[in-house]
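Input: a single structure, listed below in C-alpha cells.
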Amino acid sequence: MGQGVQTIKAANEGLEKAEDLISQMKAIAEQVNTGSYVPEKEYFIKEVGNNGAVVSTADELRAAVDSGKETICVYGKIDLGDISTTGGLSLQENQKLVGVNYFGNFKDGEGFSSISATDSVANHALIDIKKTGCLVSDLSINYVNNVTIGEAVAIKSSGSGVVTDLQNLNIVAKFSDTNTNDYARAAIAAGSGGVTNIQGKMNMKTSGYLGIGIFSSSGSISNILSGANINILTTGQFGYGILTLINSTNNLNGNISITTLGNNSYGIINSVTSGNQTHISSSAQIYLNTTASGFYNGYNDGLDNNILEIAKGAKIAFEKNGTTKWYEVQKDYRDENTSTSVTNYIAADNVEATLDVATASSWQTAADIIEAQLQEAAQSAEEEKQGYQSYQKQFNSALSQYDMLINDSIYKGINLLKEDKLKVNFNEDKSANILVQGVDVTSKALGLLTADWQTGKDVQTSLDQVLAVRNKLRTAASQLGNYYSIITERQTFTENLINVLTEGADKLTLADMNEESANMLSLQTQQNLAVNSLSLASQASQAVLRLF
C-alpha cells in the first residue's frame, strides 16, 4: 500500500507541474492573440438572435431567406452555382443579409463572407430586392451572366416605396461582350421608383458590354451618402460608372472614384432619355479616369429635360494620359439640357471652360483609400505572422517540456499519466485490493498540437486547445486524488488493525504487572509474617526452657 501511495504521488506531482507548463503556454498564446480572427459560428449565432440565422451552405442561405429570417449572417464562402432555373435570392421585408464584419472589425473577415453564382437567363439578379427595409452589408458578391439580350444585375432593388441600404460591399460582375439590344448590366441597379442608399466602403468591378457600376432607372433614386468611399472600375465597351435612365435621380456625396477603361465609357451620365437628374453635393470628391467624357448630360428626347448639378465646394479630379488635375468648384453649376439633339459633356479638356473652378490640392481618392486598406491589411497580416514566430517557438518549447515531464512521472516502472495500471493489495491473501486506472495526458492524447501560427485564428485554436487540456488535467488530478484517498484510508485502517492485533496477542502471553506486583507484595508480606511468627514462637520456647 505504501508503494502504491508513492506511485500516485509521483503522478500527482507530474500533473501539478504539467498544469504549470500549460498555464505558461496559455500566457504565451494570449500575448499574441489580437482578436482579429473570425470567431466560430456560435459567436454569430448569439449576435443574430433567435430570429436570425448563420449560414454556410447554399441550401441554408436559401432556406433562411425564404423563411424570412430577420438577420442572415453568411459564414464563409457560399456558391449558389447556376441560378438560371432557381433564380437569385429574393429578400423579404426588413431582411438583413450580412457578412461577419457587420458584427465587428475582424481582419480575417475581409472577403471571408461571400456569395457567388453563375447565370444564363436574362432579367435576373443574384440578389433581388422588391421589399422595403432591406440591408446588404459586408459581403463579397461574384456574379457571372453571359446573356446577350436582356438585363443582368448583381444586386437589384425595385418597387415604389422600396428603400434598400447597401454598405461595405465588394462586387465583381462579369457580363457578355455581346449585347444585341443594348440592355444595361450592372453591379448595382435600382428601378421602378425605389430608393437605394449606398454608404461605407464599396468596391465594384464590371466587365462586358454596357457593364455599369451603379444604374438607376424608371423613376428610381440612388443616394451615395456622405462618408462613403465608392470605387468603380469598368472594363467593357460602354462601361459607364454611374448612369441614370428614364426619370431617375442620382444624389452623389462622399468620395467617389470612377475608372472606365473600355471604348466610349463615360464616368457619370444622364442618359438620352427624359427627366434624369444628377446632383453632386458640396462635400463630394469625385475622381474620373475615363476613355470618354467624365460627365455626360444627355439631350431631351421629347418629354423632359436632363439636369446635371455640381454644388460649390465639390472637388473634381480628371486624369488623362497619366496626368491628374485637381479642382474645386467655385460656383454652383447647373446644366438643364433643353436640347432635343445635343448632349453636353464635361471632360479633362473643357472642365476649366465649363465650370468655375480653382486648382485644388490633391486628396486621397476612394480608390486609394480602398487600396491602402487592402495593403494595410496584407502588411498587418504579414507583420502578425512574423511576430508569431518567436512566440510560436516559446510555445512549442513549453509543449516539448510538457511531454518530457509526463514521461518522467514514473515510480518503480509504473506511469499513471500514460495509462498504466496499478494493483494495490489490502490484505495478506490479496482478496481485498483496488485497481488504479491511469490516464493518458500526453499532448497527443489530449489533442494539444504543435503550434503553426499563420493567422490570429491559428493562435486562438492553440489557445482553445490549451484551455481544454487544462480542464482535462484537473479532471485527471481529481480522479487520481480519489484513488489516493481510498488507499491512504485503507493504509491507516491496516496500521490501526495491526495495533489492535498486537495488543490482543500481548494479552495472551504477558502478565499484568500491577496485579503481579500486588501478588508478590502479598506473598512477601505473608512470608515476612510467617518468619516473624516463627521467630516469636522460637523466642517463646527459649524463654520457657530457661525456667528450668
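The values are calculated or read from the model by the stated rules, or taken from the named source; none is laboratory data. Values in this document were obtained by computation on a predicted structure and should not be read as measured data. Reconstructed Cβ throughout: ideal geometry from the backbone, glycine too, with neighbour counts over all protein chains shown. Ligands, DNA and RNA are stripped out before the accessible areas are found, and what is left, the full protein with its side chains, is counted by its heavy atoms. Shrake-Rupley method; radii C 1.70, N 1.55, O 1.52, S 1.80 Å.
Take residue 278 and tell me if it is in a loop (DSSP other than H, G, I, E, B), over 20 Å from residue 176 (Cα atoms), in contact with a Leu (Cβ under 9 Å, 6 or more places away or on another chain) and open to solvent by less than 30 Å² (accessible area, probe 1.4 Å).
Judged against the criteria, residue 278 is not a match.
Go through the residues of segment 107-114 one by one and say whether even a single one is more than 27 Å from residue 155 (Cα to Cα), among the charged types (D, E, K, R) and touching a helix residue (DSSP H, G or I) at 6+ places or on another chain (Cβ under 6 Å).
No - not one qualifying residue is present in segment 107-114.
Does any residue in segment 429-452 that is closer than 11 Å to residue 417 by Cα come within less than 7 Å, Cβ to Cβ, of a residue that is of a type in the set (Asp, Glu) and open to solvent by 70 Å² or more (accessible area, probe 1.4 Å) six or more places away or on a different chain, and which pairs are these?
438/419; 439/419; 440/419
Residue check: is residue 179 buried (at least 21 other Cβ atoms within 10 Å of the Cβ) and at pLDDT below 95?
yes
Tell me which residues, restricted to segment 225-257, are under 19 Å from residue 141 (Cα atoms), assigned to a strand (DSSP E or B) and open to solvent by less than 10 Å² (accessible area, probe 1.4 Å).
230, 232, 234, 242
Considering only segment 291-301, state which residues are touching a Phe, Trp or Tyr at 6+ places or on another chain (Cβ under 6 Å) and assigned to a strand (DSSP E or B).
296
Looking only at segment 456-483, which residues are farther than 20 Å from residue 20 by Cβ and either of a type in the set (Gly, Ala, Ser) or surrounded by 14 or more Cβ atoms within 10 Å (Cβ to Cβ) (or both)?
Residues satisfying the conditions are 456, 457, 458, 459, 460, 461, 483.
Taking the condition open to solvent by 10 Å² or more (accessible area, probe 1.4 Å) and not hydrophobic (A, V, I, L, M, F, W, C), does residue 143 pass?
The answer is no for residue 143.
Restricting to segment 405-455, give me the number of residues that are surrounded by 11 or more Cβ atoms within 10 Å (Cβ to Cβ) and either among the β-branched types (Val, Ile, Thr) or assigned to a helix (DSSP H, G or I) (or both).
Result for segment 405-455: 17.
How many of the residues making up segment 148-184 are among the hydrophobic types (A, V, I, L, M, F, W, C) and either touching a helix residue (DSSP H, G or I) at 6+ places or on another chain (Cβ under 8 Å) or not in a strand (DSSP E or B) (or both)?
Counting residues in segment 148-184 that are among the hydrophobic types (A, V, I, L, M, F, W, C) and either touching a helix residue (DSSP H, G or I) at 6+ places or on another chain (Cβ under 8 Å) or not in a strand (DSSP E or B) (or both) gives 3.
Yes or no: segment 194-207 includes at least one residue that is in a strand (DSSP E or B), without any contact (Cβ under 8 Å) to a residue 40 or more places away in the chain, under 17 Å from residue 136 (Cβ atoms) and of a type in the set (Gly, Ala, Ser).
No, because not a single residue in segment 194-207 is in a strand (DSSP E or B), without any contact (Cβ under 8 Å) to a residue 40 or more places away in the chain, under 17 Å from residue 136 (Cβ atoms) and of a type in the set (Gly, Ala, Ser).
In segment 146-157, what count of residues is obtained for those that are among the hydroxyl-bearing types (Ser, Thr, Tyr) and open to solvent by 20 Å² or more (accessible area, probe 1.4 Å)?
1
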